[in-house]
Each structure stands twice: as structure tokens, then as C-alpha cells.
Amino acid sequence: MTEAADNARDAWSVSPTGCALLGMLSGGDELSGYDIKKWFNWTIRFFYSSPAYSQIYSELKRLEQQGLVTSRVDAGIRSRRMYQITDSGLAAVTKWANEEPVEPPTLKHNPLLRVIFGHLMNPGRLREILTAHVAHVEQMHRAAATEARWTGEEPAWSYARLALRWSEDYYAAERDLALQMIKDLDEVDEIFAKGGEEGTKFPVRDYWYEVERRIAAEDDQT
């Protein structure tokens, strides 16, 4: 490993998206920003948000300023800038993959956020939202299954296929959970209605603090 690569292992400042770009370039081939965006859309979008072109090019520019990638203009039929990883870039992304802490996933589930505030929803609106969510995750499930199938013949994509198969199972489970939630809506509506006006205030401050105390007591016993 070169001296520059050794230095990169000790001093580098790259965002998670930048690390993903370095990972894509780690195979050694030159890629354009368009190529990278396509790869995001083919695979990574199933489990990590796909950046806009503007963000990709901004990240690539920062990576080049740090000496982690190089670029050249390919003056072909359609002029484009091609990027290639450097020894320092490979050392940096290898360090990230092996040594940097892995943060837990952050879930921002907008349909479920509407569910928890279902007492504010107009009649039938929550069912519409969940039905649309089922359609979305079913589309993602089919797309992930297709991508996983097409990566099966290329050994270099073995790990990508593993991630895609996980994505396929994830969206299938998400679909089934949403369908079950739709089935449960009638029962929940009925239970909520029984509380009357006084029994359905949300949230009830004293109730939540009492729950917190009970949970703390359970934790002390384990």
C-alpha cells in the first residue's frame, strides 16, 4: 500500500453517501456520475435513499479534492467526466467498511406516523393511505426480486445479490404487515369509538408516565 493510502486511513472526512460512491468505484472501473446514479437506482435504493445527481456530483468533487478519486473528461460522442478511485480512496473506503461504527437504521415510516395519529383522520382516509402503501411496497418487492435474479450470474455481484434478496424479503414482510393492519382497522375503530369523547384524548399525560414507571420496574427485575 502506498504512503498516500496509509495517510488516508488516518485522515479522511467522507459522508456516508461519499463512502457509497467510493464503494461503487472500488472495483477499479471508471464510472461517470450517470453510471453511479444508475447503480444506486438498480440496487441501493431498496435499502438506502438514492441521492440526486447534484448530490452525487458534489460528493465526487469533494472526493477528488481529498485525493480519493481522480477524474478525466471522456471526449466521446457524449462528453462526460469519468471518475476512478485512487489508492488513498480504496484505503479510506476499506477502513470505513471494516473499522468505522455502523449506526443502527433510522426508520422514517410516514404511513405508520399517520396510523398513530389515526384519531385525527377522516373516515376511510387511513385505509386509503395503507392501501397505497401496500401497492408501493409490492412494487418494490417485485423490483428487488427482479434485480436479485439478474445479479445471480455475475460472481462479482454476489454480495449485492445477498443485499437484494434481503430487500425482497423485507418488502414482502412490509406488505404483509400493512395488509394485516388494514384488516385490523375495523376492530381498532370500534374499540376507539367505545372510549367516547373523554376516553379518547391523545396522548394522556398521566397514562404515559405510569407506563414508563411500569416498564422501568420490569427492567429492574430482568
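The values are calculated or read from the model by the stated rules, or taken from the named source; none is laboratory data. Small disclaimer: the values here were computed from a predicted structure and weren't measured. Here Cβ is always computed from backbone atoms with ideal geometry, including for glycine, and neighbour counts include all displayed protein chains. Just so you know, the surface numbers come from the protein's heavy atoms only, side chains and all, with ligands and any DNA or RNA stripped out. Shrake-Rupley method; radii C 1.70, N 1.55, O 1.52, S 1.80 Å.
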Checklist line | Of the DSSP H helices in the chain, those whose Cα atoms cover at least 24 Å axially and whose Kyte score averages -1.0 or more | finding: 125-150, 158-194
Check: Given the convex hull of the Cα atoms of the chain, what is a quarter of its surface area in nm²?
Finding: 18.9 nm²
Notebook entry, point to check: Rounded to the nearest 10 Å², what accessible area does residue 209 show when all protein chains are kept and the probe is 1.4 Å?
Noted result: 110 Å²
Notebook entry, point to check: Normalised by the number of residues in the stretch 2-99, what is the relative contact order in percent for Cα pairs under 8 Å and 6+ residues apart?
Noted result: 42 percent
Item checked: Of 207, 57, 34, the one that fluctuates the most in a GNM where the chain has Cα springs shorter than 10 Å -> 207
Check: residue 169 accessible area, nearest 10 Å², 1.4 Å probe?
Finding: 100 Å²
Check: Which whole-number percentage describes the relative contact order of the chain, with Cα contacts under 8 Å and a sequence gap of 6 or more?
Finding: 18 percent
Note to self: Just to be sure I follow the definition: excluding the sites themselves, where is the longest run in the chain that has none of the GluC sites (Glu not before Pro) in a DSSP loop with at most 12 other Cβ atoms within 10 Å?
What the structure shows: 1-152
Next item on the list: Would you calculate, for the chain, the mean residue ellipticity at 222 nm contributed by helices, counting each DSSP H stretch of 4 or more residues as -39,500 (n - 2.57) and dividing by all residues, to the nearest 500?
Entry: -21000 deg cm²/dmol
Item checked: Anchor residue 37: aspartates and glutamates whose Cα lies under 14 Å away (excluding residues fewer than 8 positions away in-chain) -> 59
Margin query: Just to be sure I follow the definition: excluding the sites themselves, where is the longest run in the chain that has none of the trypsin sites (Lys or Arg not before Pro) in a DSSP loop with at most 14 other Cβ atoms within 10 Å?
Written below: 109-200
Next item on the list: On the protein heavy atoms, probe 1.4 angstrom, tell me the percent of accessible surface of the chain carried by carbon and sulfur.
Entry: 54 percent
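Consider all pairwise Cα distances in the stretch 110-220 and report the whole-number % of them above 19 Å.
In whole percent, the share of Cα-Cα pairs in the stretch 110-220 beyond 19 Å is 63.
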Note to self: Just to confirm, what accessible area per residue do you get for the chain at 1.4 Å probe, in whole Å²?
What the structure shows: 70 Å²
Checklist line | Probe 1.4 Å - accessible area at residue 86, Å² to nearest ten | finding: 30 Å²
Checklist line | Total formal charge among the other residues, if their Cβ is under 11 angstrom from that of residue 17, Lys/Arg +1 and Asp/Glu -1 | finding: 0
Next item on the list: Post the alpha-carbon centroid distance, the stretch 161-187 to the stretch 88-132, in whole angstrom.
Entry: 14 Å
